[in-house]
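All remarks here apply to the structure that follows.
The values are calculated or read from the model by the stated rules, or taken from the named source; none is laboratory data. From a predicted model like this one, the values you see are computed outputs, not experimental measurements. Heads up, the Cβs are rebuilt from the backbone with ideal geometry, glycines too, and the neighbour counts pull from every protein chain shown.
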Amino acid sequence: MPPTKEIACTDEDCFLDMFENHYTYDVPEDHGVSDLSCPVCGGTECLEEIEV
């Protein structure tokens, strides 16, 4: 099953609390949260992976 990551936006001015990112089987091994940006505020430094 392809990986799914839950990611939180910690920017105080952003109204998005978390989102899920669903990957395909061919996601690169070195891909991480630092490669993403918040879909609402566009921030990159404010994202943290939620460990379930």
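Below, the figures for the structure above:
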read-out	value
Every residue from the range 12-25 that is of a type in the set (A, V, I, L, M, F, W, C) and part of a loop (DSSP other than H, G, I, E, B)	Cys14, Phe15, Leu16
Hits in the range 1-11 (condition: under 19 Å from Val52 (Cβ atoms), at pLDDT 95 or above and either small (Gly, Ala, Ser) or in a loop (DSSP other than H, G, I, E, B) (or both))	Ala8, Thr10
Contacts under 6 angstrom Cβ, first residue in the range 26-40 being assigned to a loop (DSSP other than H, G, I, E, B), partner of a type in the set (Val, Ile, Thr) and at pLDDT below 85, 6 or more apart	none
